[in-house]
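Below you'll find the structure, written out as structure tokens, and then a few comments.
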Amino acid sequence: MSIFHPDAFQGHSVLKRGTSRSAYFEGWYLKHISADARMRFAFIPGIFVGKTESHAFIQILDGSTANHEYIRFPLQHFRAERKEFRVRLEHNQFFLHGMSLDIKGQKFKIQGELNFLDPVRFPVTWTSPGIMGPFAY
């Protein structure tokens, strides 16, 4: 586990086993709003590892229309770096400075790239260990 890089994938030991005694979930919420606020999308790449069933996923939420889709991927298609936020699901990549999408779902067909200029990380210190607070320890 990396206290000072909470955006990096934390579940490498669970992923290596492919199963978990109790359910394990990890995901990243990436919200995007157009300058005029007419388009609002959130993308949530992540994994679910259970006792008998495990998979990776991308959930898409359209805040303008309330449409959503949950796209499953085999767990073995999930790749993540240990020391930085970089996640790959098949041809889709999510990282600190952007994302590259090639989504072919039933409701959403999305291809393209977004680049983030000057991303700001959530501040992390020993006394304030990220969004999880004391549960990060």
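Any read-out appearing in this document is the output of simple, stated calculations on the displayed coordinates, not a laboratory observation. Values in this document were obtained by computation on a predicted structure and should not be read as measured data. Neighbour counts run over all protein chains shown; Cβ positions are idealised from the backbone, glycine included.
Descriptive notes on the structure:
- Residue by residue, segment 39-47 carries 3J(HN,Hα) couplings of 10, 9, 10, 10, 10, 10, x, x, 9 Hz when phi is fed to the Karplus relation 6.51 cos²θ - 1.76 cosθ + 1.60 (θ = phi - 60°); x denotes Gly or Pro.
- Bridgeable lysines around Lys31 (alpha carbons under 20 Å apart, same-chain partners fewer than 8 residues away excluded): Lys104, Lys107, Lys109.
- Of every Cα-Cα pair in segment 32-94, the percent that sits beyond 20 Å: 38
- C-alpha center-to-center spacing [segment 83-102, segment 53-77] in angstrom: 14
- Taking a Cβ cut-off of under 12 Å around His77, the surrounding Lys, Arg, Asp and Glu residues balance to a net charge of +2, with basic ones at +1 and acidic ones at -1.
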